[in-house]
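Chemist: Please read through the structure below; I'll follow up with questions.
The values are calculated or read from the model by the stated rules, or taken from the named source; none is laboratory data. Remember, predicted model here, so these are calculated numbers, not experimental data. Virtual Cβ from ideal backbone geometry, glycine too; neighbours counted across all protein chains shown. With ligands, DNA and RNA removed, areas are computed over all heavy atoms of the protein, side chains included. Shrake-Rupley method; radii C 1.70, N 1.55, O 1.52, S 1.80 Å.
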Amino acid sequence: VGGEQISSIGRGLCVLLGISLEDTQRELEHMVRKILNLRVFEDESGKHWSKSVMDKQYEVLCVSQFTLQCILKGNKPDYHMAMPTEQAECFYNNFLEQLRKAYKPELIKGKGKVGKVLDV
């Protein structure tokens, strides 16, 4: 960010989290379970799609990305479905906290401010 490295991980998952106006605690809990249990890594014998980030003891890097909530209206992006900045920041921090509670806190990376949703 601005030429400065904010965070990094070794092997693991990079999660781009787009937070919607409609997201609730229930969706947050569902996302945490899915991210930690998603079998996208190979096992020791080379079988694909067998192990989760928790099985492999890998890291998770979370990045808040409101632009994933973009709806294209003609040639103009519309971000009105993205959760407003202040509310999204609380949701994002809660998301990180829940990931850390469900897994190993030292293997969950993510911090910084949530990007400001612009009225475009």
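Chemist: Which members of segment 15-30 meet the condition of being touching a strand residue (DSSP E or B) at 6+ places or on another chain (Cβ under 9 Å) and of a type in the set (Ser, Thr, Tyr)?
Modeler: Initial filter on segment 15-30 (touching a strand residue (DSSP E or B) at 6+ places or on another chain (Cβ under 9 Å)): 15-21, 27.
Correct list: Ser20 only.
Chemist: Right, another one. Go through segment 26-52 and give me each residue that's open to solvent by 80 Å² or more (accessible area, probe 1.4 Å) and under 14 Å from Leu96 (Cβ atoms). First the steps, then the outcome.
Modeler: First, pick out the residues of segment 26-52 that are open to solvent by 80 Å² or more (accessible area, probe 1.4 Å): 26, 29-30, 33-34, 37-39, 42, 44-45, 47-49.
Of everything in segment 26-52, just one residue is open to solvent by 80 Å² or more (accessible area, probe 1.4 Å) and under 14 Å from Leu96 (Cβ atoms), namely Glu29.
Chemist: Return only the number of the condition from (1) open to solvent by 90 Å² or more (accessible area, probe 1.4 Å); (2) part of a loop (DSSP other than H, G, I, E, B) that Lys101 does not satisfy.
Modeler: (2)
Chemist: When Lys113 is evaluated against the numbered criteria (1) modelled with pLDDT of 95 or more; (2) open to solvent by 90 Å² or more (accessible area, probe 1.4 Å), which criterion, by number, is the only one it fails?
Modeler: (1)
Chemist: Moving to a separate point now. Could you identify the single residue in Tyr58, Tyr92 that is closer than 25 Å to Val1 by Cβ and touching a Ser or Thr at 6+ places or on another chain (Cβ under 8 Å)?
Modeler: Values: Tyr58 fails: touching a Ser or Thr at 6+ places or on another chain (Cβ under 8 Å).
Going through Tyr58, Tyr92 in turn, just one is closer than 25 Å to Val1 by Cβ and touching a Ser or Thr at 6+ places or on another chain (Cβ under 8 Å): Tyr92.
Chemist: Okay, next question. Could you run through segment 63-79 and say how many residues are open to solvent by 30 Å² or more (accessible area, probe 1.4 Å) and in contact (Cβ under 8 Å) with a residue 40 or more places away in the chain? Write out each step before concluding.
Modeler: Our first condition is that a residue be open to solvent by 30 Å² or more (accessible area, probe 1.4 Å); within segment 63-79, this holds for 63, 65-77, 79.
From what's left, in contact (Cβ under 8 Å) with a residue 40 or more places away in the chain: 63, 65-69, 76-77, 79.
So the answer is 9.
Chemist: Let me ask something else about it. Of the residues in segment 26-42, how many are without any contact (Cβ under 8 Å) to a residue 60 or more places away in the chain and touching a Phe, Trp or Tyr at 6+ places or on another chain (Cβ under 9 Å)? Write out each step before concluding.
Modeler: Initial filter on segment 26-42 (without any contact (Cβ under 8 Å) to a residue 60 or more places away in the chain): 26-27, 30, 34, 37-42.
In the following step, the residues that additionally are touching a Phe, Trp or Tyr at 6+ places or on another chain (Cβ under 9 Å) were identified as 39-42.
Number of matching residues: 4.
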